[in-house]
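Report on the following structure.
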Amino acid sequence: MNTSIPFITALAVIFIWDGYFFLNYIIGLFRNYRVREWRPKVSIIIPAYNEGRRVLRAIESALGQNYPDFEVIVVDDGSSDDTFEIVSSVKDPRLRVYRKEHGGKAKALNFGLSKASGEVVVTTDADSYLEPTAVKELVRRLYSDDVLGVGGQVRVLGSSFLEKAQDAEHLRIAMFRRAKELEDLSLAPGPISAFRRDALERIGGFVEDIVEDYATTKAVKRFGRVVYAPHARVWTEMPKSLAVLWRQRKRWFLGDLKNLGGGFTKDWGFLLLGDFIAALDITVPLILLTTSNFALFGLWWVFETITMLVPTLVEGGKLSNALIFPLMVWFWALFYFSLHVYGYVRLLTEKL
């Protein structure tokens, strides 16, 4: 029996999985998506907690939007540093600044919502900055009355391997969203999302949850659709150490588990299938290397590089990241497989 057959089979499964999304992404690049040219008033809400060092950049990017009618609302969520004083030093008639007792991000967003006058509410974070056309691109995707929310593309600042890996991760997410979620987005991310104000009011405001963006998206989708805006982009800071990254993603994943339903393409079935592929991504390259099967290992490396090269060039990523993307694939497969096993064990022990 040819000992390479199991490896070829495992590689074929990986290639089919990744190739399916890559092919749909390529098709999506040539597919016109619907937009509407209109200019409702927009309220940009920025919750801030101890963000004195970074909040000015977020405010400047919000005030620098290429959009005719908007206001910026900064909610200082009971910061213990100089966030409120720094924000208050900015003099612009479009900016309003409020301070409240510390209660968490969702409460700060809802406080901002209570002060907002826009027909459309955009959210971003104090450690992020919006590209100048971000708001315009979000609003354009609210093209019909049944589209209640829009999410944009998140990119990651920084030059360390971990930060580059997170940017590559978000490029992969952008690839998936253009391929499969252009008109049915599963998550409008907190750093760049837009909702019709009346839709938020209908669900009682932003959902108070440790993953408020996912929970809010899911609640809004009970009454309409949430779509993806590929050209609405925000740059954000992400964890610079593995320990902080683990804590962040653990919080996200445990929060996501509480909100999962039963649908295959969005929820449990899709999640478990993804974990199976991650297990293959971890083990197959290692086995190929340790058994000196360099031809198949090289095939895996070239395939993963090509599937990342196109979205990197299209979405504005760094070419160097694409060339070492197979290393990032292995890193993320190991990271998320470990995280998900932890989450499943935690979930089961809580139910026992």
Mind telling me which of the residues 345, 310, 329, 314 ends up being over 29 Å from residue 234 (Cα atoms) and in a helix (DSSP H, G or I)? 345
Answer residue from region 168-188, given it is in contact with a helix residue (DSSP H, G or I) (Cβ under 9 Å, 6 or more places away or on another chain) and outside any helix (DSSP H, G or I) and is surrounded by the most Cβ atoms within 10 Å (Cβ to Cβ) among those: 188
Being touching an Asp or Glu at 6+ places or on another chain (Cβ under 9 Å) and part of a loop (DSSP other than H, G, I, E, B) is the filter here; which residues of region 6-40 pass it? 33, 34, 35, 39, 40
Which of (1) at pLDDT 95 or above; (2) among the hydrophobic types (A, V, I, L, M, F, W, C); (3) more than 23 Å from residue 61 (Cβ to Cβ) does residue 232 not meet, given it meets every other one? (3)
Of the residues 21, 15, which is over 22 Å from residue 115 (Cβ atoms), touching a residue at least 12 places away in the same chain (Cβ under 8 Å) and within 22 Å of the chain's Cα centre (by Cα)? 21
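Can you confirm whether residue 278 is crowded, with 16+ Cβ neighbours inside 10 Å and closer than 30 Å to residue 132 by Cα?
In short, no.
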What residue, of 234, 220, 211, 227, is in contact with a Ser or Thr (Cβ under 7 Å, 6 or more places away or on another chain), aliphatic (A, V, I, L, M) and closer than 21 Å to residue 124 by Cα? 234
Exactly one condition in (1) buried (at least 19 other Cβ atoms within 10 Å of the Cβ); (2) under 15 Å from the mean Cα position of the chain (by Cα) is not met by residue 163; state its number. (1)
One residue is enough: does region 203-218 have a residue meeting the conditions small (Gly, Ala, Ser), crowded, with 17+ Cβ neighbours inside 10 Å, over 12 Å from the mean Cα position of the chain (by Cα) and at pLDDT 90 or above? yes
Give me the helices (runs of 4 or more DSSP H) completely within region 194-281, filtered to those with at least 3 residues that are under 21 Å from residue 336 (Cβ atoms), ordered by residue number. 212-220, 242-259
Among the hydrophobic types (A, V, I, L, M, F, W, C), in contact with a Lys or Arg (Cβ under 7 Å, 6 or more places away or on another chain) and more than 17 Å from residue 44 (Cβ to Cβ): does that describe residue 161? no
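Against the condition crowded, with 19+ Cβ neighbours inside 10 Å and either among the hydrophobic types (A, V, I, L, M, F, W, C) or farther than 22 Å from residue 126 by Cα (or both), how does residue 243 come out, does it pass? I'd like the intermediate steps shown before the answer.
Details: crowded, with 19+ Cβ neighbours inside 10 Å: no; either among the hydrophobic types (A, V, I, L, M, F, W, C) or farther than 22 Å from residue 126 by Cα (or both): yes.
No; evaluated as a whole, the condition is false for this residue.
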Could you list, ordered by first residue, the pairs with Cβ atoms under 9 Å in which the first is in region 300-314 and surrounded by fewer than 16 Cβ atoms within 10 Å (Cβ to Cβ) and the second is small (Gly, Ala, Ser), at least 6 apart or interchain? 306/322; 310/322; 313/322
Sort through 275, 281 and tell me the only one that's out of contact with any His (no Cβ under 6 Å at 6 or more places or on another chain) and under 23 Å from residue 170 (Cβ atoms). 281
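With respect to residue 136, determine if the residue is in the same structural domain as residue 74 (by TED's automatic domain parsing), surrounded by fewer than 23 Cβ atoms within 10 Å (Cβ to Cβ) and farther than 22 Å from residue 245 by Cα.
yes
The values are calculated or read from the model by the stated rules, or taken from the named source; none is laboratory data. Keep in mind that what you see is a predicted model, and the values were worked out from it rather than measured. Here Cβ is always computed from backbone atoms with ideal geometry, including for glycine, and neighbour counts include all displayed protein chains.
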